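See below for the structure under consideration.
The values are calculated or read from the model by the stated rules, or taken from the named source; none is laboratory data. Not measured: the values here are computed from a predicted model. Cβ coordinates were reconstructed from backbone atoms using ideal geometry, including for glycine residues, and neighbour counts include every protein chain displayed. For the accessible areas, the whole protein counts, side chains as well, though only heavy atoms, and no ligand, DNA or RNA atoms are used. Shrake-Rupley method; radii C 1.70, N 1.55, O 1.52, S 1.80 Å.
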Amino acid sequence: MSKYILTSERLGFRKFQPADLPIFAAMNASKEVMEFFPNPLTTEESDGLANRINTHFDKHQYTYFAVEKLDNQEFIGFIGLALQEYDVPFSPFTDIGWRLKSSAWGQGFATEGATACLEYGFETIGLKEIYSVATMTNINSEKVMKKIGMQKVEEFNHPKMQGHALERCMLYKIDLQSF
């Protein structure tokens, strides 16, 4: 049995493994990688996130998957889907998101992986719509949202970032009919 839940041309998607945790922690501690989040994460916070991501998969059969390059099994971050619930009118919703280590940027991995995850979400899981949220200044994530066919729905103040410079966010959406 394959360790991958799904694959794309260059990427394998799986649950987090213990060997991923130090690399994931370094990635989450990077100010460059975490530029559009309120704070970098401590090792404990990063490990907790990986655990929550795996638990989410066990419950829902989709998650922000650990992603590695198929050619050399290098762990590069996460790409995937997660149920989000917070105080906004469109909640609860399934979010598509990505976080890659900086050495993996600019190679099309986020777009390739997000496209594979949309297909998985719609065709395997049976989702009807998928959203994506990013801070207004995260232009690179917005480019990925557009490349995978998402449309901007609105702008909103993220309730988990009240008073923070990154509070204002954009919401993108794609539904099964337009995929």
| said: As a test question: what accessible area, to the nearest 10 Å², does L127 have when a 1.4 Å probe is rolled over all protein chains in place? | reply: 30
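For the chain, which whole percent of the accessible surface, found with a 1.4 angstrom probe, sits on carbon and sulfur atoms? Can you show the working numbers first?
On the way: 4540 of 9080 Å².
Taking all protein chains in place, the chain shows 50 percent carbon and sulfur surface.
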| note | One finds, for K3 and S91 with R0 = 30 angstrom and r their Cβ-Cβ distance, a FRET efficiency to the nearest 0.05 of 0.35
| field | Most to least accessible of D71, D58 (protein chains only, probe 1.4 Å) | value | D71, D58
| said: Taking loop as defined by DSSP and a crowding limit of 10 other beta carbons within 10 Å, which GluC sites (Glu not before Pro) in the stretch 83-179 fit? | reply: E85
| query | In Å, the Kirkwood hydrodynamic radius of the chain over pairs of distinct alpha carbons? | reply | 16.5
| task | Return the distance in nm (one decimal) between the two label points of a simple spin-label model at Q73 and N157, each offset 7 Å from Cα along Cα→Cβ. | result | 4.9
| field | In Hz, Karplus ³J(HN,Hα) per residue of the stretch 101-113 (6.51, -1.76, 1.60; θ = phi - 60°; x = Gly, Pro) | value | 5, 4, 5, 9, 6, x, 10, x, 5, 4, 5, 4, x
| By the scheme Lys and Arg +1, Asp and Glu -1, what is the net charge of all other residues having a beta-carbon under 13 Å from that of E129? | 0
| task | Go through the stretch 1-49 and name the GluC sites (Glu not before Pro) that are in a DSSP coil and have 15 or fewer other Cβ atoms within 10 Å of their Cβ. | result | E9, E32, E35
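Once Rh for the stretch 38-133 is found with the Kirkwood sum over Cα pairs, what is the Stokes-Einstein diffusion coefficient at 37 °C and 0.692 mPa s, in µm²/s? If you can, show how the numbers build up before the last one.
Numbers: Rh = 14.3 Å.
Value of D from the Cα-based Kirkwood radius: 230 µm²/s.
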| field | Solvent-accessible heavy-atom area per residue, rounded to whole Å², over the chain at 1.4 Å | value | 51
| field | Approximate spin-label separation F36-S103, in nm, with each point projected 7 Å along Cα-to-Cβ | value | 2.3
| request: Divide by every residue of the chain the summed helix terms, -39500 (n - 2.57) for each DSSP H run of at least 4, and state the resulting mean residue ellipticity at 222 nm, rounded to the nearest 500 deg cm²/dmol. | output: -8000 deg cm²/dmol
| task | Take every DSSP beta bridge whose two residues both sit in the chain, then give the antiparallel share in percent to the nearest 5. | result | 95
| Gained length - A19 relative to R168, 0.36 nm times residue gap less alpha-carbon distance | 50.1 nm
